[in-house]
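One structure is given below, encoded as structure tokens.
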Amino acid sequence: MEKIIPGNAVQVGPSIVRITAPNPSVMTGPGTNSYIVGDRELVLVDPGPEIESHISLLTDAVRGRIAWIVCTHTHLDHSPAARHIKAATGAKIAGRATAQDGRQDSTFAPDRVLEDGDEISVAGVTLRALHTPGHASNHLCYLFEQQQLLFTGDHIMQGSTVVISPPDGDMQAYFASLDKVLSVQVRTIAPGHGRLIETPHDEVRRVIAHRLKREEKVFDALKRKSPGTLDQLVPLAYDDVSEKLHPVARRSLHAHLIKLAREGRVRESGESWYVE
């Protein structure tokens, strides 16, 4: 099994090089993946965090050939390096901004705002944007059409499920965006964290099944503890997760409850939640 080493330039496919940022953590796994796509002209997918060594490595790798920097979303481990690489290379930035919620890159200023279905093209490479809100309202995946490879950012990660943090994160939108990926012809997923996923639709179905199972645990926890606050429900709904991760799990719990409330299964009053 491949071990991802930050800073190594790895050819992961024809015309695709991955360089992983040195920001490993519980949230980012081995680090945030940046992908250099193309041959004569280049597109950089997710330049990553504002870490000088990573920025220098990417800048040296793309200088003289880069045309575009595209970002899947504006969380702090994915887009802040964009402005530095643009300043050094003259490349243009594409993606979507969103409202500030304390977790967004406030420096992100795209030269082109991408809508669902828009394309970024350079010699031999066409990346088609798929708007996939859920993890973040401005999240985009990019389909490398010539290879049927999907750059998924934090929409789908290898070896882990993503955190959905309201209000910008939306569990209902996340499920819809997962279904959207199932409707696209994809052979490989290149995630924002971890290794390539060679069984993309199987992985999406696994994520959907996992989320639905967790949602039922959330609902069952609330049936046992109704009314219940988020802090009271986390240890019940996430009893299979380390307590160290409960503050993070609390965010996804909240997202599940909001979705259940929209579906009429639960309701919120003050800081407490009730089964309808």
- Taking the stretch 7-21 and keeping only residues that are assigned to a loop (DSSP other than H, G, I, E, B) and either surrounded by fewer than 18 Cβ atoms within 10 Å (Cβ to Cβ) or at positive phi (or both), one is left with Gly7, Asn8, Pro14, Ser15
- Message: Could you list, ordered by first residue, the pairs with Cβ atoms under 6 Å in which the first is in the stretch 195-213 and of a type in the set (Val, Ile, Thr) and the second is buried (at least 17 other Cβ atoms within 10 Å of the Cβ) and outside any strand (DSSP E or B), at least 6 apart or interchain?
- Response: Ile197/Gln158; Ile197/Glu203; Val204/Leu178; Val204/Val181; Ile208/Leu178
- Item | Selected residue [buried (at least 18 other Cβ atoms within 10 Å of the Cβ) and either in contact with a His (Cβ under 7 Å, 6 or more places away or on another chain) or part of a loop (DSSP other than H, G, I, E, B) (or both)] from Ile36, Ile55 | Ile55
- Task: Would you mind stating whether Gly31 is surrounded by 15 or more Cβ atoms within 10 Å (Cβ to Cβ), within 20 Å of Cys141 (Cα to Cα) and either modelled with pLDDT of 95 or more or touching a His at 6+ places or on another chain (Cβ under 6 Å) (or both)?
- Result: yes
- Task: Spot the failing condition for Ser177; the list is (1) within 17 Å of the chain's Cα centre (by Cα); (2) surrounded by fewer than 16 Cβ atoms within 10 Å (Cβ to Cβ); (3) within 22 Å of Cys71 (Cα to Cα), and only one is missed.
- Result: (2)
- Output the residues belonging to the stretch 90-105 that are surrounded by fewer than 19 Cβ atoms within 10 Å (Cβ to Cβ) and modelled with pLDDT of 95 or more. Gly90, Lys92
- Unmet criterion (only one of (1) touching a Phe, Trp or Tyr at 6+ places or on another chain (Cβ under 9 Å); (2) under 30 Å from Val241 (Cβ atoms); (3) small (Gly, Ala, Ser)) for Gly31: (1)
- Item | Enumeration of residues in the stretch 23-33 that are among the small types (Gly, Ala, Ser) and assigned to a strand (DSSP E or B) | Ser25, Gly29
- For the stretch 226-252 the number of residues that are more than 20 Å from Val275 (Cα to Cα), within 21 Å of the chain's Cα centre (by Cα) and polar (S, T, N, Q) is 0
- Expected single match for touching a residue at least 60 places away in the same chain (Cβ under 8 Å), over 22 Å from Val45 (Cα atoms) and hydroxyl-bearing (Ser, Thr, Tyr) among Ser183, Ser226, Ser252, Ser269 is Ser252
- Message: Could you check the stretch 55-88 and list, in sequence order, the residues that are closer than 26 Å to Leu130 by Cβ, of a type outside the set (Gly, Ala, Ser) and more than 17 Å from the chain's Cα centre (by Cα)?
- Response: Leu58, Val62, Arg65, Ile66, Trp68, Arg83, Ile85, Lys86
- Message: When you scan the stretch 185-192, do you find a residue that is under 15 Å from the mean Cα position of the chain (by Cα), of a type in the set (A, V, I, L, M) and surrounded by fewer than 20 Cβ atoms within 10 Å (Cβ to Cβ), even just one?
- Response: no
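Just wondering, is there one or more residues in the stretch 6-14 that are closer than 22 Å to Arg187 by Cα, free of Cβ contacts under 8 Å to residues at least 24 places away in the same chain and touching a strand residue (DSSP E or B) at 6+ places or on another chain (Cβ under 8 Å)?
Within the stretch 6-14, one or more residues are closer than 22 Å to Arg187 by Cα, free of Cβ contacts under 8 Å to residues at least 24 places away in the same chain and touching a strand residue (DSSP E or B) at 6+ places or on another chain (Cβ under 8 Å).
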- Options Asp46, Asp116: the member that is in contact (Cβ under 8 Å) with a residue 12 or more places away in the chain, within 18 Å of Ala136 (Cα to Cα), in the same structural domain as Asp170 (by TED's automatic domain parsing) and over 14 Å from the mean Cα position of the chain (by Cα): Asp116
- Task: Grab the helices (runs of 4 or more DSSP H) fully contained in the stretch 176-276, keeping just those with 3 or more residues being under 30 Å from Phe144 (Cβ atoms).
- Result: 200-224
- Message: Against the conditions (1) assigned to a helix (DSSP H, G or I); (2) under 25 Å from Gln11 (Cβ atoms); (3) free of Cβ contacts under 8 Å to residues at least 40 places away in the same chain; (4) not acidic (Asp, Glu), where does Gly64 fall short? Just the number, please.
- Response: (1)
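The values are calculated or read from the model by the stated rules, or taken from the named source; none is laboratory data. Keep in mind that what you see is a predicted model, and the values were worked out from it rather than measured. All Cβ positions, even for glycine, are placed from backbone atoms using ideal geometry, and neighbour counts span all protein chains on display.
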